[in-house]
Amino acid sequence: MATKPAAGGPDAGEAGVPTLLYLVGRLDRVVRRGIQEAVKEFGLSVNEYSTLSVLAHRHGLSNAQLARRSLVSPQSANEVLLALERKGLVARSAHPAHGRILQTRLTAKGRRVLASCDERVACVEVRMVAGLSVSEQKALRRSLLDCVHALDGGLTSD
């Protein structure tokens, strides 16, 4: 466990305090585990659920665009898309101007499965922030977005 405090941070000088990066990594792992539990009944992996979620907000994406937004490699995105296509949750078609580019969209079945998964995943988030007030939740969201932006992690209108 990384316990070196951030230089100049509020915990600087306190021995044994986990670093922010360690805590973010730990949170990532427990959130992924919670999402996996929430979506496994529907036969989905976390990456498949994430891909469906991205497509619900940005349909018609190419494989490369989808990979960037889903935080996976283009090869992994293609594997996820093939699995989702086999399950009837997405459909792909050639881009009208660039025939080699396949655009992906959710099917009606994909939208239904995603809606069911979203309900369960929302419960994971509710559990995660149950000990925070509404103002603390808003501050956490702002702080996390600031961190993502500081590391050029996206979540912009690209």
If I filter the stretch 145-158 down to residues being over 17 Å from LEU27 (Cβ atoms) and of a type in the set (D, E, K, R), which single residue comes out as most open to solvent (accessible area, probe 1.4 Å)? ASP152
Subset tally (residues that are open to solvent by less than 60 Å² (accessible area, probe 1.4 Å) and touching a residue at least 40 places away in the same chain (Cβ under 8 Å)) for the stretch 90-117: 8
Scan ARG142, ARG127 and give me the residue that is in contact (Cβ under 8 Å) with a residue 12 or more places away in the chain and open to solvent by 80 Å² or more (accessible area, probe 1.4 Å). ARG127
Return the pair list, or none, for Cβ contacts closer than 6 Å from residues in the stretch 47-65 that are among the hydrophobic types (A, V, I, L, M, F, W, C) to residues that are open to solvent by 30 Å² or more (accessible area, probe 1.4 Å), at least 6 apart or on different chains. VAL54/ARG69; ALA64/PRO74
Among the candidates VAL17, VAL72, residue that is at pLDDT below 90 and within 13 Å of the chain's Cα centre (by Cα): VAL72
Within the stretch 47-89, of all residues that are in a helix (DSSP H, G or I) and among the β-branched types (Val, Ile, Thr), the one surrounded by the most Cβ atoms within 10 Å (Cβ to Cβ) is THR51
Would you call LEU81 modelled with pLDDT of 90 or more and not charged (D, E, K, R)? yes
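The values are calculated or read from the model by the stated rules, or taken from the named source; none is laboratory data. Everything quoted here is computed from the prediction, not taken from an experiment. All Cβ positions, even for glycine, are placed from backbone atoms using ideal geometry, and neighbour counts span all protein chains on display. The area values use the complete protein model at the heavy-atom level, side chains included, leaving out ligands, DNA and RNA. Shrake-Rupley method; radii C 1.70, N 1.55, O 1.52, S 1.80 Å.
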